[in-house]
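Where a number appears in this text, it was derived from the coordinates with a stated rule and is not lab data. In this text the structure is predicted, and so the values were computed from the model without any measurement. Here Cβ is always computed from backbone atoms with ideal geometry, including for glycine, and neighbour counts include all displayed protein chains.
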Amino acid sequence: MKIKTVQVNPPIPTRAFDWCAYDEDAPEEGPYGWGKTEREALLEITRILPVPCKKCGFDFWEHSQTSGYRCPNTAGDYEDNNYTPK
């Protein structure tokens, strides 16, 4: 799995779909995560696809809901808040 993001800025009146996140290895028909920001798009794709945490391998979406995007399963540097998918 290789998650990519792209700023789309479609010509529509809402900015809710400016960013798109997708699995580069998935078929063209998706799935896709959409959001107003890159972070929102990444969060949506992690709700759709099982994306593992870089530090412990547990589901990233669970971290975002329970630990504020910090990995509760590893000791040490909690300042490293970079949990973008592998």
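If packing is taken as the average count of other Cβ atoms within 10 Å, what order do 34-43, 5-14, 20-29 fall into, highest mean first?
34-43, 20-29, 5-14
Using the crude model of +1 on Lys and Arg Cβ and -1 on Asp and Glu Cβ, and no other charge, please compute the dipole size for the range 3-66 relative to its Cα centre, in debye to 20.
320 debye
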